[in-house]
1. Do you know which residues across the stretch 99-117 are of a type in the set (S, T, N, Q) and at pLDDT below 95?
2. If a residue counts only when it is closer than 20 Å to D131 by Cβ and of a type outside the set (D, E), which helices (runs of 4 or more DSSP H) contained entirely in the stretch 1-115 have at least 2 such residues?
3. I'd like the residue in the stretch 12-47 that is surrounded by fewer than 19 Cβ atoms within 10 Å (Cβ to Cβ) and acidic (D, E) and, out of all such residues, is nearest to E97 (Cα to Cα).
4. What pairs can you find where one residue is in the stretch 93-111 and within 16 Å of T66 (Cβ to Cβ), the other is charged (D, E, K, R), and their Cβ atoms are less than 8 Å apart, with a gap of 6+ or different chains?
Amino acid sequence: MSNLFLRMLEEKAFLLADGATGTNLFGMGLQTGDAPELWNEEYPERIAAHYRSFVEAGSDIILTNTFGGNSRRLVLHQAENRVRELNTAAVELLKQEIAKADRDIVIAGSMGPTGDILEPNGPLSKADAADIFEEQARA
């Protein structure tokens, strides 16, 4: 089976995932209102250390630091045109930490909400929301 996640599900009784990314990053100096995704380039050593802590703890699945990595969230930090760049940086940092491990680890892309309310109660159409999430997923 070529899908690592499915193979691990078949082979292991349970899978251990990481957790509390935001809480951990606040402990590393992230301030309220900051975009954690910007840290993928501004403080890559901190993001790498965050990932490393989960590799060392034995996590089988580690989420990327990309929860708010869509254009609608990044616009709050004038970074809406950096979706690909910031998401790719997060994945590359995680790949580097996993490469140092002596075991397989699943990379899980973290995708959070846009922060906008969908029509008819809000300004965001379903089509636009789909485009926003597709852009991030393809990054």
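The values are calculated or read from the model by the stated rules, or taken from the named source; none is laboratory data. A quick note: this is a predicted structure, and the numbers were derived from the prediction, not measured. Neighbour counts run over all protein chains shown; Cβ positions are idealised from the backbone, glycine included.
1. none
2. The helices (runs of 4 or more DSSP H) meeting that bar are 71-74, 83-99.
3. The qualifying residue nearest to E97 (Cα to Cα) is E45.
4. Hits for this filter: E97/R52; V106/D60; I107/K95.
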